[in-house]
1. Could you say which residue among B:MET25, B:MET19 is within 12 Å of another protein chain (Cβ to nearest Cβ), part of a helix (DSSP H, G or I), surrounded by 16 or more Cβ atoms within 10 Å (Cβ to Cβ) and in contact (Cβ under 8 Å) with a residue 12 or more places away in the chain?
2. Of all residues in the stretch B:37-50, count the ones that are surrounded by 17 or more Cβ atoms within 10 Å (Cβ to Cβ) and in contact with a Ser or Thr (Cβ under 7 Å, 6 or more places away or on another chain).
3. In the stretch A:110-120, how many residues are part of a helix (DSSP H, G or I) and crowded, with 17+ Cβ neighbours inside 10 Å?
4. Condition first: part of a strand (DSSP E or B) and without any contact (Cβ under 8 Å) to a residue 60 or more places away in the chain. Now tell me which residues in the stretch A:5-32 satisfy that.
5. Test A:SER59 against the criterion of being within 29 Å of B:VAL47 (Cβ to Cβ), open to solvent by 50 Å² or more (accessible area, probe 1.4 Å), more than 12 Å from chain B (Cβ to nearest Cβ) and of a type in the set (Ser, Thr, Tyr), and give yes or no.
6. State the number of residues belonging to the stretch A:24-49 that are surrounded by fewer than 20 Cβ atoms within 10 Å (Cβ to Cβ) and aliphatic (A, V, I, L, M).
7. Applying the selection to the stretch A:80-109, what residues are open to solvent by less than 30 Å² (accessible area, probe 1.4 Å) and either more than 18 Å from A:TYR50 (Cα to Cα) or aromatic (Phe, Trp, Tyr) (or both)?
Amino acid sequence: MSRKIHIVCVSGTREKLQMAAMIASVAAASGDEVSVFFSMNALPYFVKGYATAAPVEGSFGVLMQEDGGVPSFKQLFKYAAELGDARLLPCSMAIDLLKVSTEELDPELGPPTGLTRFLSDAEGAQMLTF
Amino acid sequence: MSEPRIIDARDTFCPGPLMELISYMKRASVGDELELLSTDKGSVNDVPEWIAKVGHELISSEQIDNVWHIKVRKAK
C-alpha cells in the first residue's frame, strides 16, 4: 500500500538536503506519493547557475563531500521526480524573495506553491522537515 | 535465454545502486533479467526489499570478491 509523504526542505546544509533527497528518491521509486516543498535556504540550489556548494554541518558532511561515490542531493531529487513522479515544489514566497522566475529554476521543479496549498495537500500525509 | 543486462554500480553508496537499478528497470521489458553489481552492503537488503514491494522477481544474490551480484527479473 502506498503512503503519502510530504517533505519540507528549509535548511541549506549538505547533510539535511542529502537525507531529504534520499528519502524522497527511495520512497517515490517504491510507489509512495511524494511531494517536496523547497523554501528558505534550500531553494537557491535549484536556481539555474547557482554554483555555491552546500556547506557541511559536521564530519559526516565532509565524508560525503570527499567520497565521489555518494550521489548528489540534486541527482537524487531528480531521480525522485523522474523515476517516482515526486512533485518538487518551490515555495512561492521564497521565489519572490529571491526575485527569480520559474524559468530560472531547474526543470524538475513544479509550479510555485504557497504554504496554504501545500499544507492542504498534505492532509493525511506523513510530514518530514529538514 | 539471453544474458542479463549488467548494471555496474560499484563504488557508489546508498541509494545510488538502487536508483541505477530502477532506472534500468523502467526501460526494460517484462521478462528481462538485470544483474546489479554493488559494493554497497546496504544494497543486499535494500534491493530485495524494493523488488518485493514493487512486485518484481529476485533471482539470486551472491557475493563474489567483495562485490554483490544481485540478479532480478522484471515481472510487470
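The values are calculated or read from the model by the stated rules, or taken from the named source; none is laboratory data. Keep in mind it's a predicted model, so treat the numbers as computed, not measured. Ideal geometry is used to build each Cβ from the backbone, glycine not excepted, and the neighbour counts take in all protein chains shown. These accessible areas exclude ligands, DNA and RNA; they are computed on the full protein's heavy atoms, side chains included. Shrake-Rupley method; radii C 1.70, N 1.55, O 1.52, S 1.80 Å.
1. B:MET25
2. 2
3. Total meeting the criteria: 1.
4. Listed by number, the list is empty, since nothing qualifies.
5. Spelling it out, A:SER59 is indeed within 29 Å of B:VAL47 (Cβ to Cβ), open to solvent by 50 Å² or more (accessible area, probe 1.4 Å), more than 12 Å from chain B (Cβ to nearest Cβ) and of a type in the set (Ser, Thr, Tyr).
6. Total satisfying the criteria: 2.
7. A:ALA80, A:ALA81, A:LEU83, A:GLY84, A:ALA86
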